[in-house]
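The values are calculated or read from the model by the stated rules, or taken from the named source; none is laboratory data. All figures in this text were calculated on a predicted structure; none of them were measured in a lab. When we count neighbours, we look across all protein chains shown, and the Cβ atoms used for this are built from the backbone with ideal geometry, even at glycine.
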DNA sequence: ATGACGTTGGAGCG
DNA sequence: CGCTCCAACGTCAT
């Protein structure tokens, strides 16, 4: 397929080479990549439309990843991104055209309406099923209509297919499965490509008359202008957006490329911070501003190119005094970008092996099969932040309110939902994060849920986060809890992480009735976490047996299968193989 | 075969 | 604070 793609691109180049006579009318289709800076596809569109016309387009599509599972905060973030994009384009004498509907229907209409000869867009290399199918259909339609489509890949430091996979011999089975081997591969990739400056006004066609379309195809003004997510009921316990949800939104950051570049500048103004950054040492309980950069929402929308960020970090790091200890990947800030590429590469490889299985347990090459429970009450309690564990509930409150929590907070709540306490499927946690996180990302969200649930990449299931202990070392007084769960504000330090242990008089003084103002803990962590470890052990054994069987049948392709084998272990205690 | 290692565990000890 | 141990992991290098 990659080969086919290359052939196609060559054919297109030849075609355009022969019909260069009349000026082109090009369209740049923004999907992700909501930015002007370091946007090679946009630059190509400007090149193709030189002396002709260029139409920057965004299509509001309720089924795309940006909107399919999406709460009001995320919807609002998208609206802000589009407004900023429009503003930047207008400053350059252009504008953003916004359509709504299924791109497969919308695009051909617009091609006709505007007389489009060329279209450019950012590719989606992860193999996300909806995007893959949509783009394939668009490609076919474009061929029929004679529109020359060119695809660019700049959402990762290096392209996934033509970059990393090509480097391992075009064999997705050979892509690195650990961060250290990914770093080794990254080391062989050479210099990270330069980021390209945003096009200036003179790069846009000077005599294009946009006034013909004044008042048409305007960007949405509020989340209410966006279509409701199609596949989910409007009113459920999960916070899907409605008019009330759109009032008083308090996202941790505001959307748009301009904001992204401002936040990046603020980061690079602190060279020592950049140079010495170590992710595990950052605090997940800071109550005034985050201890990390909070650039992730911009990365997920493509307001900021990873290459731009990479080079900005390098430059800032070099300005740090020599006395500052330099951190390194995987914990450094550069390391965070490596993780991002690694996760994208794994998503890509997974979908190449078994299409559409990234984000799922079944069929996912990298995912252990684990018999998760199915308890809607527990799931709901987790989502609403009513587990009775203040640290967990505070995190879920911040998520709901700001659309963001620190990475380590995500670890704690993800562990709690899955292998740690509630024994619910990571797929459900993944969906909730997709709905509520401003930085929701198909590849990263999936990868981290595999990791935290010990379904893939991380396997030390006996290392379990305690919903009580974990944060005490950073935030003894529980300020973070007091901020996000104000009903617990008056509890003394001694009981802020464990209100159920407080004597009746203490609870009374703090104005709390457990079960009314704040829930009793829904599980006994000490007990269930041990039980869950046994379940994990059992599931791992089963996995090993299946692997052994597969290896056997692969060896002598017609061997007899052993049936009904189950791990020989009933009571937690495991015997070492003799 | 064996041991070191893996972005961020907890409890108990000194 | 730093150290060790904890029933329990898999991967990679040697």
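The single residue among A:227, A:223, A:197, A:205 that is in contact with a strand residue (DSSP E or B) (Cβ under 6 Å, 6 or more places away or on another chain), more than 16 Å from DNA strand C (Cβ to nearest atom), more than 25 Å from residue A:347 (Cβ to Cβ) and touching a residue at least 24 places away in the same chain (Cβ under 8 Å) turns out to be A:205. The one condition from (1) farther than 22 Å from residue A:423 by Cα; (2) in contact (Cβ under 8 Å) with a residue 60 or more places away in the chain that residue A:323 does not meet is (2).
Residue check: is residue A:329 part of a loop (DSSP other than H, G, I, E, B), in contact with a helix residue (DSSP H, G or I) (Cβ under 8 Å, 6 or more places away or on another chain) and loosely packed, with under 14 Cβ neighbours inside 10 Å? Against the criterion (part of a loop (DSSP other than H, G, I, E, B), in contact with a helix residue (DSSP H, G or I) (Cβ under 8 Å, 6 or more places away or on another chain) and loosely packed, with under 14 Cβ neighbours inside 10 Å), residue A:329 does not qualify. Residues in the range A:169-191 that are within 12 Å of DNA strand C (Cβ to nearest atom) and in a loop (DSSP other than H, G, I, E, B) were compared, and the one that is surrounded by the most Cβ atoms within 10 Å (Cβ to Cβ) is A:175.
Closer than 18 Å to residue A:397 by Cβ, assigned to a loop (DSSP other than H, G, I, E, B) and within 16 Å of DNA strand C (Cβ to nearest atom): is that true of residue A:460 in this structure?
Spelling it out, it is not the case that residue A:460 is closer than 18 Å to residue A:397 by Cβ, assigned to a loop (DSSP other than H, G, I, E, B) and within 16 Å of DNA strand C (Cβ to nearest atom).
When the range A:111-140 is filtered for residues that are surrounded by 20 or more Cβ atoms within 10 Å (Cβ to Cβ) and over 27 Å from the mean Cα position of the chain (by Cα), the ones remaining, listed by number, are A:111, A:116, A:117, A:118. For the range A:344-363, taking the residues that are surrounded by 22 or more Cβ atoms within 10 Å (Cβ to Cβ) and within 16 Å of DNA strand C (Cβ to nearest atom), the one that is farthest from residue A:158 (Cα to Cα) is identified as A:350. Only one of the listed residues (A:389, A:366) is within 16 Å of DNA strand C (Cβ to nearest atom) and either within 23 Å of residue A:530 (Cβ to Cβ) or surrounded by fewer than 22 Cβ atoms within 10 Å (Cβ to Cβ) (or both). That residue is A:366.
Any chance the range A:24-31 includes a residue that's at positive phi, at pLDDT 95 or above and in a loop (DSSP other than H, G, I, E, B)? No, the range A:24-31 contains no residue that is at positive phi, at pLDDT 95 or above and in a loop (DSSP other than H, G, I, E, B).
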